[in-house]
Every structure is written in structure tokens, then in C-alpha cells.
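Have a look at the structure below, then the notes.
The values are calculated or read from the model by the stated rules, or taken from the named source; none is laboratory data. Please read these numbers as outputs of a predicted model, since none were measured by experiment. Here Cβ is always computed from backbone atoms with ideal geometry, including for glycine, and neighbour counts include all displayed protein chains. Surface areas here come from the heavy atoms of the whole protein model, side chains and all, with no ligands, DNA or RNA. Shrake-Rupley method; radii C 1.70, N 1.55, O 1.52, S 1.80 Å.
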Amino acid sequence: MSTNHIVLAGGGHSHSLVLRRWIMYPHLRPKGLVTLISRKSTFLYSGMVPGLIAGHYKTNDLLIDLRGLAENAGVAFVVAEIVGLNIKEKSISLKDRPSIGFKFLSLDVGSETKEPGNIDIFSSQQTIIPIKPFSRALQWIQDQDKGNFKDNDKAITVLGTGLSAVEVVLALRARWPDRPLSLQVDLLKLNPFFRPLLFDANIALVSRLNPILGPTLLCTGSKAPSWIQTSNLPLDSSGRILTTQTLQVLHHQNLFAV
């Protein structure tokens, strides 16, 4: 199946834009078989997730219809979870499904939450939820609304020092005006600009040196999916795929990645 077969692995923003472009300009679509593989038939536009957490949007406002985009672009669509890549055999391994071969492959598989290196979250007796994948984190937040969670009476902590952590904890404040919230950060690295904003929002600042207390959302950076690590692709120190300016994977002219 790999002869003249282009596989778009992952239903992220880049592949969605490519499909949209092919719909608008059909002559740009490559000839031959093109297949999109995605874990789900829709995906959430991540730029609007903080607004969804805050309650400004409904889930349907964020959904991008991958199946519809693929159909209108004349692209085959496979709903499956990618679990591996065999460069030598030019095939993508899927969970509970046969592998799919390719001639050209584009990787747009997103990222996962990176566990913090200086806190042993696995030894904690608290509930720890990574912000990615979004679907799990959003469901957990909704459970807090319903009061179905055993720690519902405790403060919720967002762990992280970067922009995403600040954005998420402020979005939670918009969602829950009266609930105790805290941001557990590296106090020396937190941008001073945010301190008065967090203070005005009644969000407590807690040092990352403190133990995790209560239910916690991890906003501690991102990493590539674990199967990328064993793919024999050229990676940087954080596990991200190395590419040229044309997004071709180094030393692999038939592979692209974003």
C-alpha cells in the first residue's frame, strides 16, 4: 500500500490547514492515495481551550471536523491511535489495527504533558491530572462542577511556571469565582508581571519546593509522544523531531514533521 501513498499522521492544526487548502484549491492536492490517521474524528482547537475552561465557549465551538475535512479534500480517513513508526519498512503501527504503509509521511501528532523533574508526582497521594490530553483534563474539570470528585472541597492547584499554567489558573478562576485556587511555581522564575494579576484574582502562590497538596493540574511543559522516542528519528534533547526549514526530517527526504 506504500506505493505513491501519502500518510498524514495525526489530526493537528497543520494537517487541518493542509486539508482546508486542498478543498479551496483542489489542483494543489497531490495525485494518488492520501490518508489521514487520527485518534478521533474531531479535535479541539487548542488556542480556545482556556476560554472553554473559563466558560466562555462550549465544547462544540472548539471542535474541528477532521472527517468532514478529509472527505471534502478527497482524503481517506482512518480513526486509530498511532503507537509506532518503522522507518525501514515505511509503515505506521496502529493500536488494534493493521499497520499502514506509506511513500511519504507527515507527522503532526501533537504532544503530551511533561512530568516535572524536581517533584515526585508519582509518590503523591493526591489526584494529579496532566493538562494534555485535553479531553481527560476537561472531563476532570467538569467533574468538579458536578461535585462528584472526592477532593471537591479542597483547593485546586495548577503546577507550572510558564504562560500556560498562568492562563489555566486564571481561566479556572473565571469558572469558579469562589473556589480556593493556587499556583505552584518556581517563585524565582515566575514573570513578575503576573504577580499582581494573580493576587487580584485571589490565587495563592506556592513554591514548587512544597509537597503537592490536593487535586492538581499539571501545566509543566510538553514532550513528544513516547513512541517517537523509539522511532529512530533524529531528535533533540527534549525528544522533538529535528527538521530542516522545509519541515523535512533530517536525513529523511520522504518524512515531514511539525
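Of the helices (runs of 4 or more DSSP H) contained entirely in the stretch 163-258, those carrying at least 2 residues that are closer than 23 Å to His56 by Cβ fall at 163-175, 194-200. Restricting attention to the stretch 174-196, and to residues there that are over 22 Å from the mean Cα position of the chain (by Cα) and within 21 Å of Met48 (Cα to Cα), which single residue is surrounded by the most Cβ atoms within 10 Å (Cβ to Cβ)? Ranking the candidates gives Phe194 first. Each residue in the stretch 60-89 was checked for being open to solvent by less than 80 Å² (accessible area, probe 1.4 Å) and either in contact (Cβ under 8 Å) with a residue 24 or more places away in the chain or closer than 17 Å to Leu8 by Cβ (or both), and 19 pass. Can you name the residue in the stretch 19-54 that is β-branched (Val, Ile, Thr), free of Cβ contacts under 8 Å to residues at least 60 places away in the same chain and under 13 Å from Val75 (Cα atoms) and is also surrounded by the fewest Cβ atoms within 10 Å (Cβ to Cβ) among such residues? That would be Ile23.
Within the stretch 114-170, how many residues turn out to be at pLDDT 85 or above and open to solvent by less than 20 Å² (accessible area, probe 1.4 Å)? Count: 14.
For the stretch 90-107, the candidate set comprises residues that are charged (D, E, K, R) and free of Cβ contacts under 8 Å to residues at least 24 places away in the same chain; within that set, the residue that is nearest to Ile241 (Cα to Cα) is Lys95.
State yes or no: is Tyr57 touching a Leu at 6+ places or on another chain (Cβ under 6 Å) and surrounded by fewer than 18 Cβ atoms within 10 Å (Cβ to Cβ)? The answer is no for Tyr57. Check the stretch 24-33 and report whether any residue there is farther than 19 Å from His252 by Cβ, basic (Lys, Arg) and within 24 Å of the chain's Cα centre (by Cα). No, the conditions are met nowhere in the stretch 24-33.
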